[in-house]
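Step one of this worksheet: look at the structure below.
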Amino acid sequence: MKLNTLKPNKENLYTYLVLGVSLLAVGFIDIVTNTFLNLNITGFLPVIISFLSPLILGVFGLHFIRIEYSGNKTLDRINKNFNSNNINAILSLIVIFILIKYIPPLLNWLFFEANFLGSTKKDCTGDGACWVFVRVWFNRFMYGMYPDAEQWRINISFIALLVSIGSIFVLPSKFKKYIILFLLFIFPIIALNLISGGIFGLEWIETGAWGGLSLTFIVSAFALIFCFPIGVFLALGRRSDLPAIKYSSIGFIELWRGVPLITVLFMSAVMFPMFLPDGTYMDKLMRVIIAITLFEAAYMAEVVRGGLQALPRGQYDAAKSLGMGYWRMHLLIIMPQALKLVIPGIANTFLALVKDTPLIFVVGLLELAGMIGLAKTNPKWLGMATEGYVFAAFVFWIICFSMSRYSQNLEKKLSTDR
Amino acid sequence: MNLKNFLINLKNKKRLIPQVLTLLSIVLTISYFAFNAQVNMDNRGIAFGFGFLTQEASFDIGFSLIDYDGSRSYARAFLVGLLNTLLVSAIGIFFATLIGVTVGIGRLSSNYLVAKFSEVYVEVFRNIPLLLQLFFWYFAALRALPLPEQAMNFNDISYLTVKGWYVPKFIWTNFSIFIYSVIAAIIAIIFVSKHAKKQREEFGKHIPSFYIGILLLFALPALSFLIGGVNLEFEIPVLKQMSATIFNFRGGVSIIPELMALAMALSMYTATFIAENVRAGILGIGKGQKEAAASIGLTKTQILKLVVLPQALRIIIPPTTNQYLNLTKNSSLAAAIAYPDIVLVFAGTALMQTGRAIEIVSITMGTYLLISLSISSFMNWYNQSVAIKEK
């Protein structure tokens, strides 16, 4: 019996399997003992070979078990997905080794050696993360400097928002229209009054005290509501055949798209007050929301324009031949189709908007990231930056990831491809 | 006026009225703002003008590519900020492309682990706000680096510490000759590849222009060292004791942590979008194209080089340039971690000192606008030149 070590074949299947698997196993034992027991079993070799030994052993092992059409389903599947050639074998091994090396310390830091209970920094005795920091500051991270006794107002607004959004999916579709109208026109006014107070005996809370994650939601929700219609009008303007309207839309869109948001916020903070009549004062939060709205509207306009351009001319001609005017045609025929085409783009713009909200720190408004920046400089809680930012990243990730997944589903659901 | 003209006018009126209204409202808004600004500035006793640019800036900037100190003018400070912005954008674009292309191809890999790993990378880094990533790298990750006396040592030539990354400084003699040799090599390569293309198309001769190009790229600069009098020396950073407990490195080039954090955050964030563009570009090439290429007997490399890449690049390049633009604009987040870019230096410090909000914010926004518009007009030109010419 002759073993062809260059090209393993089916005839000596089990010999190759035993050889390959044992080489692989030695490689893995090497890396595991190295990582967890601090024991280098290949320490007698030169440094560079000792360092690469698991990889070398693994590649040879994988080479021996790479047997085409072996008849064994599991083996075939492994070969196809992880081990189709030497380069793929090396890549697979590197990924596995990275996971073995870095996942356990990461988990230790996040959970097993972390401290969750307590109320001061001294309660953090483990080597891991100090989640006590997040626990103690949680209220501030969510509501900013909003007084504790009044936080129910923010909660009620958000619960109402969630309930009315939820009811869109539950109630029959004939109410859907009214709920959307309520959400767009009535709800923002109610929520704004409830949160800022000053009427019906509610205590007035100035916008400077708003903050934390709720401010992120407030800013993005208002910017979102306003930027959509402005964006649609700008897109229509850009495609208009009236030169004055066309070129002013182009100018407006390109102006906002050409500058970073941070300079727009600077403008709203230091330059815009100069443009107002002497003595008038516009609330800082309001200026920020206007700035973000105009900025995102320009991006929205380009997205909507993409949808308008993608529609075949026949749709316009057909609508006109039915005697529809410009507005009727766009409202009933063009927009529903064009917007459907650009749902991913719209969702991306909204996502970008949510991700851009932390920038409002430049004007001194502290949403989640800003509050963490504030908390980490508190003398009692120095050195907690990592925990804070990991927590914030996690929160934002959940929001953004679920939004993007939802938009992908929506896209699938609304697609009318025949 | 005859009747015909009048009728045309009447017909045009429907087109005219909205336009006049739009223009009127724009003019009114702008003049209202301008009037208010005039009144406000009069009240504060400042006159509109850009004369302040020549005044002495009298503030220091921590990191500068050109000679600068507090006695220089505001215009010079502006230039320092602009160069810093361009520097971090260039570094970010380089690494974002590198990571993005790797991850984008990785997502299409037949290797399950690599594909999954790339997907997780994209989903994690795309869905976390850039500012948070920046804060994480700057306030958490880079702050965990060792002090200078326990610096991470790379072969005794480069040291990574909490105060920055110290790398050897290049000291050139006759640097310009070296640059000329590189330019000459590039021109020569262009000629060689044109010649090779002509030979291939007219006579069917194959000239290995790629290898000749690589040879030229190394040979000409090497020649400049041998006979052109070019010389390169390195200044290696050395650990010096400043006082009883304070150590620091002297010599070499210090890459400040702000620059590192910003470049890392920008490239890792933008890479996710570039990866998606690359993936979409490669997926956008129909299977038929590859099969057709294979059926006329092209090898796998030839299929990739001659059929897939030229078409995929046409899909990939426009959105990727957009990402490069975004990266350049996002580099303005530097202000959050005090990297002296144009926003921090000019719209921050200079504005605080002079109080000239309108001029300074307009200059800053105008600069970004200029960068964006020039890149996007270049891209429009490029897109038109590579667009499929349909008959």
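What follows draws every value from the coordinates through simple rules; no lab data is involved. Please read all numbers here as calculations on a predicted model, not as lab measurements. Note that we place each Cβ from the backbone using ideal geometry, even for glycine, and neighbour counts take in every protein chain shown.
First measure r as the distance between the Cβ atoms of A:L45 and B:F170, then evaluate 1/(1 + (r/R0)^6) with R0 = 30 Å and state the FRET efficiency to the nearest 0.05.
0.20
List the lysines whose Cα sits under 21 Å from the Cα of A:K376, skipping any in the same chain fewer than 8 residues away.
A:K121, A:K122, B:K163
Can you find, among B:L145, B:Y112, A:N193, the residue farthest towards the positive end of the dipole of the protein assembly as shown? Put +1 on the C-beta of Lys and Arg, -1 on that of Asp and Glu.
Final value for the positive-end residue is B:Y112.
On a 0 to 90° scale, report how tilted helix A:13-32 is relative to the longest principal axis of chain A, with both axes built from alpha carbons and the result rounded to the nearest 10.
Between the helix axis and the principal axis of chain A, the angle is about 60 degrees.
Using a 4.7 Å cut-off between beta carbons, which cysteines in chain A end up with no partner cysteine at all?
By the Cβ distance rule, which asks for a partner under 4.7 Å, the isolated cysteines are A:C227, A:C400.
Could you give the length gained by full extension between A:V363 and A:L332, i.e. 0.36 nm per residue of separation minus their alpha carbon distance, to one decimal place?
7.0 nm
Please average, across the residues of A:366-372, the number of beta carbons from any other chain that are within 10 Å of each residue's own beta carbon, and give a whole number.
Mean partner shielding for this stretch: 2.
Sum up the charges of everything whose Cβ sits under 15 Å from the Cβ of B:L113, counting Lys and Arg as +1 and Asp and Glu as -1, but leave B:L113 out.
+4
By how many degrees, 0 to 90 and rounded to 10, does the Cα axis of helix A:151-170 deviate from the longest principal axis of chain A?
80 degrees
Consider all pairwise Cα distances in the protein assembly as shown and report the whole-number % of them above 37 Å.
That tail contains 57 percent of the Cα-Cα pairs.
Show me the ranking of peptides B:240-246, B:313-319 by mean Cβ neighbours inside 10 Å, starting with the highest.
Averaged packing, sorted descending, gives the order B:313-319, B:240-246.
Which net charge results for the neighbourhood of B:P319, defined as the other residues with beta-carbon distances under 12 angstrom from its beta-carbon, given Lys and Arg at +1 and Asp and Glu at -1?
Spelling it out: positives minus negatives among the neighbours equals +1.
Can you give the extra length, in nm with one decimal, that the chain gains between A:Y69 and A:K412 once fully stretched, where that is 0.36 nm per residue apart less the Cα-Cα distance?
119.7 nm
Between A:M403 and B:K305, what is the label-point separation in nm under the 7 Å Cα-to-beta-carbon projection?
Calculated label separation equals 4.5 nm.
Which of B:K198/B:K305; A:K284/A:K340; A:K174/A:K340 have a Cα-Cα distance over 25 Å?
A:K284/A:K340
Taking the beta-carbon count within 10 Å as an exposure proxy, list B:D341, A:D241 from fewest neighbours to most.
Going from sparsest to densest Cβ surroundings: A:D241, B:D341.
Given A:K413/B:K329; B:K116/B:K329; A:K80/B:K300; B:K169/B:K329, which pairs have Cα atoms separated by over 23 Å?
Cα-Cα > 23 Å for A:K413/B:K329; B:K116/B:K329; B:K169/B:K329; rest within.
Taking a virtual spin label 7 Å from the Cα of B:V253 along the C-beta vector, which residues in the stretch B:227-241 bring their backbone nitrogen under 15 Å of it?
In the stretch B:227-241, the label zone of B:V253 (backbone N under 15 Å from the point 7 Å along Cα→Cβ) covers B:232-237.
Hey, what did chain B get for relative contact order, percent, Cα under 8 Å, at least 6 apart?
21 percent
Can you grab the distance from the C-alpha centre of the stretch A:346-418 to the C-alpha centre of the stretch B:99-135, Å, no decimals?
A separation of 18 Å, based on Cα centres.
Within the stretch A:260-285, whose backbone N sits under 13 Å from a point 7 Å along Cα→Cβ of B:F35?
A:276-278
May I ask you to compute the full-extension gain from B:V120 to B:F191, defined as 0.36 nm times their residue separation minus their alpha-carbon distance, rounded to one decimal in nm?
This chain segment gains 21.1 nm when fully extended.
Can you give the local net charge around B:L83? Use residues other than it whose beta-carbon is closer than 11 angstrom to its beta-carbon, Lys and Arg +1, Asp and Glu -1.
Surrounding charge for B:L83 is 0.
If we sort B:199-212, A:334-347 on the protection proxy, mean other Cβ atoms within 10 Å, highest first, what's the order?
Output ranking for B:199-212, A:334-347: A:334-347, B:199-212.
In peptide B:31-38, how many Cβ atoms from other protein chains are near each Cβ within 10 Å, on average?
Across the residues of B:31-38, the mean count of other-chain Cβ atoms within 10 Å is 3.
Would you mind calculating the relative contact order of the stretch A:332-418 from Cα pairs under 8 angstrom and at least 6 residues apart, reporting the percent as a whole number?
Once normalised by length, the contact order is 38 percent.
Quick one: Cα convex hull volume of chain A, Å³ per residue?
267 Å³
How would you rank A:293-299, B:186-192, A:116-122, highest first, on the average number of other Cβ atoms within 10 Å across their residues?
For the peptides A:293-299, B:186-192, A:116-122, the packing ranking is A:293-299, B:186-192, A:116-122.
Rounded to the nearest 20 debye, what is the charge dipole size of chain A about its Cα centre when +1 sits on each Lys and Arg Cβ and -1 on each Asp and Glu Cβ?
So the dipole magnitude of chain A works out to roughly 1300 debye.
Restricting to DSSP loop positions (anything but H, G, I, E, B) with no more than 15 other Cβ atoms inside 10 Å of their own Cβ, which GluC sites (Glu not before Pro) remain in the stretch A:335-412?
Passing both the DSSP loop test and the Cβ count: no residue.
Counting Lys and Arg as +1 and Asp and Glu as -1, each charge on the Cβ, what is the dipole of the stretch A:330-418 about the Cα centre in debye, to the nearest 20?
Roughly 200 debye, rounded to the nearest 20.
Charges only on Cβ, +1 for Lys and Arg, -1 for Asp and Glu: so what's the dipole of chain B about the Cα centre, in debye to the nearest 20?
Rounded to the nearest 20 debye, it is 1900 debye.
What number, rounded to the nearest 500 deg cm²/dmol, is the helix-based mean residue ellipticity at 222 nm of chain A, given -39500 (n - 2.57) per DSSP H run of at least four residues and division by all its residues?
My calculation for chain A gives -21500 deg cm²/dmol from helical runs alone.
What is the mean number of Cβ atoms from other protein chains located within 10 Å of the Cβ atom of each residue in peptide B:114-126, rounded to a whole number?
Shielding by partners across B:114-126 averages 2.
Which of the listed residues, A:A352, A:M384, A:M271, is farthest toward the dipole's positive end in chain A, when Lys, Arg count +1 and Asp, Glu count -1 at the beta-carbon?
Of the listed residues, the answer is A:A352.
Using a simple spin-label model with points 7 Å from Cα along the Cα→Cβ vector, what separation in nm is obtained for B:I26 and B:L239?
6.3 nm
Taking just the alpha-carbon atoms of chain B, what radius of gyration and Dmax come out, in angstrom?
27.8, 98
Between A:M282, A:L215, A:L414, whose Cα lies farthest towards the positive end of the dipole of the protein assembly as shown when Lys and Arg beta carbons carry +1 and Asp and Glu beta carbons carry -1, centred on the Cα centre?
Farthest towards the positive end: A:L414.
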